[in-house]
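To start, the structure itself, in structure tokens.
The values are calculated or read from the model by the stated rules, or taken from the named source; none is laboratory data. This is a predicted model, so every value here is computed, not measured. Note that we place each Cβ from the backbone using ideal geometry, even for glycine, and neighbour counts take in every protein chain shown. Each accessible area value is taken on the protein alone, full model and side chains, heavy atoms only, with ligands, DNA and RNA left out. Shrake-Rupley method; radii C 1.70, N 1.55, O 1.52, S 1.80 Å.
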Amino acid sequence: MVKVLTACGNGMGSSMVIKMKVENALRQLNVPNVESASCSVGEAKGIARNYDIVIVSNHLIKEMEGCTNGKLIGLDNLMDDNEIKSKLEQALK
């Protein structure tokens, strides 16, 4: 199982949008058994160690460094499906 956490500044809209885009990209990459969650960066700092991949906007990446033993992905454009898919593909190697 691959556990993915998406986080944004407030844990509201953008983290949920990223979560849906991540789930779609993982389906396209034929990754089975995915568990995903979304929250604020503040919450993510406390739970990130429980996830294989943590995804945030690039401007929040420094706040998350050292909070996870998994892969930390920073996104330039939260709405770019190709960026999300390619960065997930790299992280899964």
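Mind checking which residues of the range 63-85 are in a helix (DSSP H, G or I) and among the hydrophobic types (A, V, I, L, M, F, W, C)? Outline the logic, then answer.
So in the range 63-85, the residues in a helix (DSSP H, G or I) come out as 63-64, 81-85.
Result: 64, 84.
Could you grab me the full set of residues in the range 72-84 that are open to solvent by less than 90 Å² (accessible area, probe 1.4 Å) and either farther than 11 Å from residue 25 by Cβ or under 11 Å from the mean Cα position of the chain (by Cα) (or both)?
In the first step, residues of the range 72-84 are kept if they are open to solvent by less than 90 Å² (accessible area, probe 1.4 Å); the result is 72-75, 77-78, 80-81, 83-84.
Selection gives 72, 73, 74, 75, 77, 78, 84.
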Test: residue in the range 54-69 that is open to solvent by 30 Å² or more (accessible area, probe 1.4 Å), touching a helix residue (DSSP H, G or I) at 6+ places or on another chain (Cβ under 7 Å) and modelled with pLDDT of 95 or more: no
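Tell me yes or no: at least one residue of the range 11-22 is part of a helix (DSSP H, G or I), surrounded by fewer than 17 Cβ atoms within 10 Å (Cβ to Cβ) and at pLDDT 95 or above. Break it down into steps so the answer makes sense when it comes.
Within the range 11-22, the subset part of a helix (DSSP H, G or I) is 13-22.
Next, from what is left, pick out any that are surrounded by fewer than 17 Cβ atoms within 10 Å (Cβ to Cβ): 13, 16-17, 20.
Applying the additional criterion that residues be at pLDDT 95 or above yields 20.
Yes; the residues of the range 11-22 include at least one that is part of a helix (DSSP H, G or I), surrounded by fewer than 17 Cβ atoms within 10 Å (Cβ to Cβ) and at pLDDT 95 or above.
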Residue tally, condition surrounded by fewer than 16 Cβ atoms within 10 Å (Cβ to Cβ) and of a type outside the set (Gly, Ala, Ser), over the range 35-53: 5
Test: residue in the range 39-62 that is more than 20 Å from residue 77 (Cα to Cα), in contact (Cβ under 8 Å) with a residue 12 or more places away in the chain and not in a helix (DSSP H, G or I): yes
